[in-house]
Amino acid sequence: MGLIKAAIQSIGSTLSDQYLEFFTCDSLGKEVLVKKGAKKMSRGGNKGDAEVISSGSHIAVPEGTALLLVDAGEVTDFTTEAGMYTWDASSAPSCFGSSGFLDGAKQSIADLWNRIKAGGEIPMQQRVYFVNMLEILDNKFGSAAPIMYPDPHFGMIDLRLNGTFSFRIENPVTFFKSVVGNVADDYKRSELADQIKTEFMQKISEALNKLGSVDKIVYSHLLAEQTRLRDYMNQALDDEWLEGRGMVVISAAFGGISPTDEAKVKIRDYDDIIFLEKDKRRAAINYTNKMGKGMEAAGSNQSGGGFGGMFMGKMAGDEIGKEAFKSLNEDEETSDRGGQPEGWTCVCGATGNTSKFCAECGKSRASQAPWTCECGAQGNHKNFCTECGKPKPAPAECKECGWKGEAGAKKPKFCPECGKPIE
């Protein structure tokens, strides 16, 4: 696969370094990222330089592993493809690799090879390194402090989150040059773990901002956005990881997401507003309940100052309550005109009545027909006028024959049944 050893200076050294050697490594697992190759067997043993690899030596490269050939601390050849290779002193570096990004590394290694060949010196050190190119799983992350998230519904809310991510060494040459160097034995994940976790958390805010502001993902749906999170993290970490270290993020997933206590209050209040907007009757009831609780709290204030604050709050809240009750009356008018929901609404609050009498309280629908107040306000359906608050007039009644008119209807001067004057 290429010549690492340069011109041999003496006959003795030439003969002593020509014994065949075999290099390989077992699976590197999930903890070892780079391991120096060791001889598995030899024919006669290398009696020359201890770190000079004999021409004709064999190297087995396992699946999921890259091979680097290092001469005097410089990478002179590599392959990312599994198989058996022979160290051939008669050929230039081959730089086997299946990824296009390795083209630049191939050219630089070829240039280094030409310089070694022209010098004619025996290298001081030749080594074989195996680089783990498997997906390195279960790298945990978590936020020590809350992270702000631009939720499309609730606005800016603080979240606490944790999860795991995995990465892979995509460019073994860059990783060796930038991170590992010419180690004597192996380089483990634990030596890099703290640094990459810190960098991952520094960039996660950038990814979250895109998930919320661009993709409009509600915070409660973030757990299902593993693919987008991974893509955004790769974009955010491109300079530090891919260009700087030859690493990429393979997967990223949230394990848990929880709003802070303040954010929970904000979310709950927002949900209440949305719910009450959809249910005007509940909004009116909610307003009445809150006013009642306010009065109770003010009454328990022995200093008496509570009523002053309650009165100010009532003035501000009256408009809200008035609008809620007004909307409620308008909805019931729509129901009386045949709108949705079907049926009619009784003054007791029961909706969907289809017979002449309320299914809840038994009041007749006729008794709840629209009435006109003395102030001129028309279309009232309740017991009090929506404009002036006056009570609904009692129905006219003839004392002679017992005839009764409809409640709220204009009182006639004479009974339509017997013609007697109505007092």
E135's amide H: which non-local residues (gap 5+, or another chain) put their own amide H closer than 5 Å, with H modeled 1.01 Å from N in plane and none for Pro or chain starts? none
Arranged from highest to lowest average of other beta-carbon atoms within 10 Å per residue, in what order do the peptides 126-135, 395-404 appear? 126-135, 395-404
Near the amide H of T76, under 5 Å away, which other amide H atoms are found, from residues 5 or more places off or on another chain, if H is placed in the peptide plane? L69, V70, D71
Residue by residue through region 374-391, which ³J(HN,Hα) values in whole Hz follow from phi under the Karplus form 6.51 cos²θ - 1.76 cosθ + 1.60 (θ = phi - 60°), with glycine and proline marked x? 4, 6, x, 5, 9, x, 6, 10, 9, 7, 10, 5, 6, 9, 10, x, 5, x
What are the ³J(HN,Hα) values, in whole Hz, obtained from phi via the Karplus relation 6.51 cos²θ - 1.76 cosθ + 1.60 with θ = phi - 60°, for each residue of region 171-180 in sequence order, with x given for Gly and Pro? 10, x, 5, 4, 4, 5, 6, 8, 10, 8
Please report the spacing between the Cα centers of region 134-160 and region 194-252 in Å, no decimals. 10
Sorted by mean Cβ packing within 10 Å, highest first, what order do the peptides 224-230, 69-75 take? 69-75, 224-230
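Taking the highest mean first, how do the peptides 372-384, 173-185 order by number of other beta carbon atoms within 10 angstrom per residue? Present the calculation step by step, with values, prior to reporting the outcome.
Numbers: 372-384: 14.0, 173-185: 16.6.
Result, highest mean first: 173-185, 372-384.
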For region 259-266, Karplus couplings with θ = phi - 60° (6.51, -1.76, 1.60), whole Hz, Gly/Pro x: x, 5, 4, 5, 5, 4, 4, 4
Cut-off is 10 Å between beta-carbons; in what order do M148, M233, M84 appear when sorted fewest neighbours first? M84, M148, M233
Would you mind calculating the gained length between S190 and T354 on full extension (0.36 nm times residue separation, minus the Cα-Cα distance), in nm to one decimal? 51.7 nm
For a quick check: with amide H placed at 1.01 Å from N, whose amide H comes under 5 Å from I422's, ignoring anything fewer than 5 positions away on the same chain? F414, C415
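Shape call for region 152-222 from the C-alpha gyration tensor, a ≥ b ≥ c root eigenvalues: rounded (a/c under 1.5), prolate (a/b greater than b/c) or oblate?
prolate
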With 21 Å as the limit, write out which pairs from K36/K197; K363/K404; K140/K188; K363/K392; K356/K382; K203/K266 have Cα-Cα distances beyond it, or answer none. K36/K197; K203/K266
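Read-outs: derived from the displayed coordinates by stated rules, not from any lab. Everything numeric in this text was worked out from a predicted model, so none of it was measured. Neighbour counts run over all protein chains shown; Cβ positions are idealised from the backbone, glycine included.
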